[in-house]
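Remarks on the structure that follows.
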Amino acid sequence: MKPHEDALIRLFHVYKRYGAYNALFDISLDIFRNEFLFLAGPSGAGKSTLLKLLYLGEALSEGQILIDRVNLARVSRRRTPELRRKLGIIFQDFKLIPTKTVYENVALVLETRGMSRKFIQKKVNSVLRTVGMEDRQKSFPPGLSGGEQQKVAVARAVVGEPKIILADEPTGSLDADSAEAIFNLLINIHARGATVLVATHAKELISNAKGRVIQLKEGKLIA
Amino acid sequence: MKLFFFKRAIQDILNNRFLNTVTLITISLSVLIVSSFALFFNNTNELLDTWKKGIRALVYLNPDADDANRLDLKYNIQNLEGVSEARFISRKEALAQMKVQMGRQASLLEGLESNPLPDAFEVRLKPESQTIAEIERLSKAIEALPHIDKVEYGQQWIGKFTSIINVFKFVGSAMGGLFLVATLFIVANTVRLVLYSRQEEIAIMRLVGATDRFIKTPFYIQGMALGGLGGIIGMAGLYIAFHFISEKFHNSLSAELLDIHFLSLEMIAGFVAGSMLIGWIGCYVSLKQFLKA
């Protein structure tokens, strides 16, 4: 095991409760720089909840989470965007803006960072080429298949070159070929130095890939 | 980056054309109504000022005042603060003037056994004292002098006119305030409706790292653009109405009697800036509530 100083994400006795229901129960975990980690477990195990805590989509009930030595409990509303820019998030339901084109959805990430139009154009085109969506850049998300939408979601997650990729069931609604393509993209991103955290219940995906596997069951860490 | 925000604001306006058109019409009408009151006050104030500038007091003397008394009075009146000149008009001169003014009907006066008019002083005021308050003060001071019968300065009609203008001012200010609040409410509501229709989009923008400023700026631009455009349309409407009315007015009345003017450039700019500010405040109110949630 690497020393704790190398941990990019640290969770200390994390709890998440919704009323009397414990969605996460006493989770302590270190995720290291440039690690590829699978968060496995059946539906309702708490995988998505854990990711939500990491991107400040939800507030934790107890415990502490540090990302790049920043205590999330102390991140003010004003500084939340700063933290989120370190993350590239692939949502289970894609979360693409239906009224914006593929290009605009991906470009949005760089626009929020105040990049120049030229840079954005170059970068977005390059990323869309990588995910094989270059020829669909003027399409709107409702006109795309699930696999295509997932590719756009991946493109949006990586275009800002984040340190950390959080992927929630990235191959959940895809056929085998599309799932493989998306997964290969995540492997490429990891190879470029990103820390990748993939929440999935797809056992075949985990068995075919190299990476640490963390098992969650009923909100508890079991392995 | 600035261009990007402008483009987004224009895109938003075009995407919500109906809502923004209704807002624009409301702002324009409000500006038109409020500015028409301003135009009315401006012209009536100017008219009142012109009348006040020609203001003079007529001081009528008791019949018992002799030459020495008149000299004393002239000296005393001229030494009062605010008086520029006190000209003596003898009863003889007054009757002669009256005959001239009566023209053909002057023969009516020929049957008079004695001159019924009193001796008088025509008192003119220094420019800085040509106000109702000053002339009232001076009249009281003059009336307190010996051998004075009466002081007249058209107090009744000036007083009445001033009170009418004051009533209009009050009604105008109240209506202006009401329209301002209504416009503010409508702008805030428009922004709120747009925000609700884009709730999901804004949530996604936040998730990919957009700051509140990034989300808010296009809305502020949109609010100010609508306000500014509404202000310009309102002013243009007022100018067209003014042009039409003043032409009719000039044909029916002497232009010298009532020379009406349009608002000054500063006032026009003030109205446009004011409506832009309303647009901004409307956005501020809605965004503050929405982004807090």
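The values are calculated or read from the model by the stated rules, or taken from the named source; none is laboratory data. Just so you know, these numbers come straight off a predicted model, no measurement behind them. So basically every Cβ, Gly included, is an ideal-geometry build from the backbone, and we count neighbours across all protein chains shown.
Give the residues of the range A:183-223 that are more than 14 Å from A:F36 (Cβ to Cβ) and surrounded by 12 or more Cβ atoms within 10 Å (Cβ to Cβ), sorted by residue number.
Those that are more than 14 Å from A:F36 (Cβ to Cβ) and surrounded by 12 or more Cβ atoms within 10 Å (Cβ to Cβ): A:H201, A:A202, A:Q215, A:L216, A:K217, A:E218, A:G219, A:K220, A:L221.
Please give the number of the condition A:V196 fails out of (1) without any contact (Cβ under 8 Å) to a residue 24 or more places away in the chain; (2) closer than 20 Å to A:D68 by Cα.
Every condition holds for A:V196 apart from (1).
Restricting to the range A:61-97, name every residue that is buried (at least 17 other Cβ atoms within 10 Å of the Cβ), of a type outside the set (F, W, Y) and either on the phi > 0 side of the Ramachandran plot or in contact with a His (Cβ under 6 Å, 6 or more places away or on another chain) (or both).
A:G63, A:K95
Suppose we filter A:K163, A:K100, A:K138 for residues that are within 11 Å of chain B (Cβ to nearest Cβ), at negative phi and of a type in the set (K, R); which single one remains?
The match here is A:K100.
It is to be established whether one or more residues within the range A:132-155 are under 22 Å from A:I31 (Cα atoms) and touching a residue at least 60 places away in the same chain (Cβ under 8 Å).
yes
Restricting attention to the range A:206-223, report how many residues are in contact (Cβ under 8 Å) with a residue 60 or more places away in the chain and farther than 16 Å from A:T49 by Cβ.
6
State all residues of the range B:63-101 that are part of a helix (DSSP H, G or I) and closer than 15 Å to B:L138 by Cα; if no residue qualifies, say none.
B:L73, B:K74, B:Y75, B:N76, B:I77, B:Q78
Which is part of a loop (DSSP other than H, G, I, E, B) and farther than 22 Å from B:N15 by Cβ, of B:G209, B:G234?
B:G209
Testing A:E161 on (1) in contact with an Asp or Glu (Cβ under 9 Å, 6 or more places away or on another chain); (2) within 17 Å of A:I90 (Cα to Cα), one condition comes back false. Which one is that?
Unmet for A:E161, out of (1) in contact with an Asp or Glu (Cβ under 9 Å, 6 or more places away or on another chain); (2) within 17 Å of A:I90 (Cα to Cα): (1).
So in the range B:196-222, with the set limited to residues that are more than 14 Å from chain A (Cβ to nearest Cβ) and crowded, with 20+ Cβ neighbours inside 10 Å, which one is farthest from the chain's Cα centre (by Cα)?
Only one residue fits best here, namely B:F219.
Looking only at residues that are touching a Phe, Trp or Tyr at 6+ places or on another chain (Cβ under 7 Å) and at pLDDT below 90 in the range A:1-21, which one is nearest to A:E58 (Cα to Cα)?
A:A7
Counting only residues that are part of a loop (DSSP other than H, G, I, E, B) and either among the polar types (S, T, N, Q) or surrounded by fewer than 16 Cβ atoms within 10 Å (Cβ to Cβ) (or both), how many does the range A:100-113 have?
Number of matching residues: 1.
If you check A:R129 against the conditions, is it basic (K, R), surrounded by fewer than 20 Cβ atoms within 10 Å (Cβ to Cβ) and within 10 Å of A:A155 (Cα to Cα)?
Against the criterion (basic (K, R), surrounded by fewer than 20 Cβ atoms within 10 Å (Cβ to Cβ) and within 10 Å of A:A155 (Cα to Cα)), A:R129 qualifies.
Hey, B:L178 hits all of (1) in contact with a Phe, Trp or Tyr (Cβ under 8 Å, 6 or more places away or on another chain); (2) more than 14 Å from chain A (Cβ to nearest Cβ); (3) more than 21 Å from B:N16 (Cβ to Cβ) but one; which does it fall short on?
Just one mismatch for B:L178, condition (1).
Given the conditions (1) crowded, with 16+ Cβ neighbours inside 10 Å; (2) farther than 30 Å from B:V167 by Cβ, which single one is not true for B:A38?
Answer for B:A38: the failing condition is (2).
Can you pull out every residue in the range A:68-93 that is in contact (Cβ under 8 Å) with a residue 24 or more places away in the chain and either more than 10 Å from every other protein chain (Cβ to nearest Cβ) or closer than 13 Å to A:I165 by Cα (or both)?
Passing the criteria: A:D68, A:L83, A:R84, A:R85, A:K86, A:L87, A:G88, A:I89, A:I90, A:F91, A:Q92.
Being among the charged types (D, E, K, R) and either closer than 13 Å to B:Y60 by Cα or modelled with pLDDT of 85 or more (or both) is the filter here; which residues of the range B:125-147 pass it?
Across the range B:125-147, the qualifying residues are B:R137, B:K140, B:E143.
I'm told A:A179 meets every condition in (1) out of contact with any Leu (no Cβ under 8 Å at 6 or more places or on another chain); (2) modelled with pLDDT under 90 except one. Can you identify the failing condition by its number?
(1)
Do you know which residues across the range A:114-125 are in contact with a helix residue (DSSP H, G or I) (Cβ under 9 Å, 6 or more places away or on another chain) and either touching a residue at least 60 places away in the same chain (Cβ under 8 Å) or assigned to a helix (DSSP H, G or I) (or both)?
Answer for the range A:114-125, where residues must be in contact with a helix residue (DSSP H, G or I) (Cβ under 9 Å, 6 or more places away or on another chain) and either touching a residue at least 60 places away in the same chain (Cβ under 8 Å) or assigned to a helix (DSSP H, G or I) (or both): A:R117, A:F119, A:I120, A:Q121, A:K123, A:V124, A:N125.
Any residue in the range B:118-144 that is within 11 Å of B:G82 (Cβ to Cβ) sitting within a Cβ distance under 8 Å of a residue that is among the acidic types (D, E) and not in a helix (DSSP H, G or I)? List the pairs, counting only those 6 or more apart or interchain.
From the range B:118-144, the pairs are B:V123/B:E85; B:R124/B:E85; B:S129/B:E81.
Tally up the residues in the range A:40-67 that are closer than 30 Å to A:S139 by Cβ and either away from chain B (no Cβ under 13 Å) or acidic (D, E) (or both), please.
Adding up the residues that qualify gives 1.
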